[in-house]
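Below is one structure; the comments refer to it alone.
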Amino acid sequence: MSETTGCTADWHLEHSSPGQILHYLDPRRPFARQINILTNRFRDIQALCNDGAASPALTRLRNALAFHMVRMSRWWRFDFCPRGVTGVRNPLFLTYVKAHAERSAEDDALFDLFTLQRHMHAGDGGHILVVGHDPLTAPSVSILYGVDGQRNFRFATSSRGVEPLWNGKAYPDFASAWLAARAVHALIQDDSADIHEYETAHREHMWVRSWHHRHFHRSGKLPVIRLYAQANAQLMNCQSAFGRAEMKTVVERMAFDIARTAFQRHMTVADLIEESDALSISLRSANTIKQRARAYVATCIDPMARPEMDTLLDRVVSYVPRRCP
C-alpha cells in the first residue's frame with residue numbers, strides 16, 4: 001500500500017489544481033516553493049490512485065500535475081527525471097502527460113513545441129508560440145512572451161493598434177526573458193533606476209540558473225557545506241532585489257539540506273562544518289544555518305509536509321560546546 005499524507009481525494013480536488021500552485025508569468029514567486037508543492041501533491045495523489053481512489057476527476061488532476069512538472073522543467077530549465085523525482089517509471093509518467101495534453105489544445109501545443117514539433121516549423125527561431133502577456137506593465141505598452149522553434153523564450157513589445165515586435169534575443173528560461181523584457185520596458189518609460197535594477201537582476205539570475213538546473217540533484221562531488229558556502233558568497237554579491245531574493249532562497253535550501261544531512265547522520269551542524277573545513281566553526285554560523293533551514297521550510301515546503309520537516313529540524317542540534325580536556 002502506498003504512503004499518503006492523509007489528505008483525501010476531495011481535499012486535493014479543491015486545493016491542488018495547478019492554477020493554485022503555479023505562477024508562470026511572475027518569476028518573483030519562488031521557484032523552489034512552486035516545484036516543491038507541485039511534486040509533493042503529485043506524489044500524494046499518485047499514492048491515492050494506487051490505493052484505489054482513482055476517480056476520473058482525481059486521475060485528470062494527477063495527469064495535469066504530471067504535465068506541469070514537465071512544463072516547469074522547461075520553464076525554469078532544471079533537470080527532471082520522473083522516476084527519480086516522483087517514483088513513477090518514465091514511460092508511465094509520459095502516458096499521464098500525454099493524456100492531459102489530449103484534453104487541452106493549449107497544453108498540447110506547448111508539449112508538441114518542446115518535443116516533436118509536429119505543429120511548428122521545427123527548429124525555426126522565427127516561429128513563436130505565444131504563451132502569455134505581462135499584466136504588470138504600463139497600459140500604453142504591452143509585452144508578449146513566447147517560445148520559439150528552437151525552444152528558447154522570447155518577448156515582444158507592442159502598443160495599441162501596432163503589431164508586436166519580437167526582440168531578436170533568445171533566452172533559455174522564462175525568468176531571463178521576463179527580466180530582459182522589464183529592462184526594455186523601463187527603457188521605453190525612461191526609468192533609469194529600473195533599467196539598472198533589471199539589467200543587474202538579469203546578470204545575477206545567470207548565477208541562480210545553475211542552482212535551479214540541479215534542484216533535484218544530490219550534492220554530488222562537493223559536500224553540501226561547500227555548496228552552501230558558494231551560494232552564500234554569491235548572495236553577498238547580489239545587488240538587485242530580484243537577485244537577492246532568488247539567491248536567498250537557494251542559500252536557505254542549502255541550509256535545509258545541511259540540517260537534513262545532520263539529522264540523517266546523527267551529527268550536529270557544527271560537526272558537519274568541521275568535517276568539510278569550508279566554514280569557520282562557531283555557534284553563530286551553526287545557528288544561522290538552522291535558522292535559514294527553518295525559513296526554507298516556512299516559505300518553500302508544501303504546507304502538507306511542514307509539520308514533519310519542523311519536527312526534523314527540532315531534533316537537529318546546531319552546536320555542542322566542547323569541554324577542555
* Looking only at segment 11-62, and only at residues there that are more than 20 Å from HIS215 (Cβ to Cβ) and acidic (Asp, Glu), the one that is surrounded by the most Cβ atoms within 10 Å (Cβ to Cβ) -> ASP51
* In segment 151-199, what residues are of a type in the set (Ser, Thr, Tyr) and either in a helix (DSSP H, G or I) or in contact (Cβ under 8 Å) with a residue 24 or more places away in the chain (or both)? -> THR157, SER176, SER192, TYR198
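Let's see how each residue does on (1) in contact (Cβ under 8 Å) with a residue 40 or more places away in the chain; (2) among the acidic types (Asp, Glu); (3) assigned by TED's automatic domain parsing to the domain that holds TYR24:
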{"residue": "MET69", "(1), (2), (3)": "no, no, yes"}
{"residue": "SER73", "(1), (2), (3)": "no, no, yes"}
{"residue": "PHE78", "(1), (2), (3)": "yes, no, yes"}
{"residue": "ASN90", "(1), (2), (3)": "no, no, yes"}
{"residue": "GLU106", "(1), (2), (3)": "no, yes, yes"}
* To do: Scan (1) in a helix (DSSP H, G or I); (2) within 19 Å of PRO303 (Cβ to Cβ) for the single condition ARG29 breaks and write down its number.
  => (1)
* Asked: For residues in segment 200-243 being free of Cβ contacts under 8 Å to residues at least 12 places away in the same chain and under 26 Å from LEU38 (Cα atoms), which is farthest from the chain's Cα centre (by Cα)?
  -> GLY220
* Extreme residue, nearest to MET236 (Cα to Cα), among residues of segment 248-277 that are part of a loop (DSSP other than H, G, I, E, B), at pLDDT 90 or above and not aliphatic (A, V, I, L, M) -> THR268
* Structure fact -> When (1) crowded, with 16+ Cβ neighbours inside 10 Å; (2) closer than 30 Å to THR288 by Cβ; (3) at pLDDT below 95 are applied to ALA175, the one that fails is (3)
* Structure fact -> Within segment 1-24, of all residues that are part of a loop (DSSP other than H, G, I, E, B) and at pLDDT 95 or above, the one farthest from ARG74 (Cα to Cα) is SER16
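The values are calculated or read from the model by the stated rules, or taken from the named source; none is laboratory data. Only a predicted model underlies this, so the values are computations on that prediction, with no experimental measurement involved. Neighbour counts run over all protein chains shown; Cβ positions are idealised from the backbone, glycine included.
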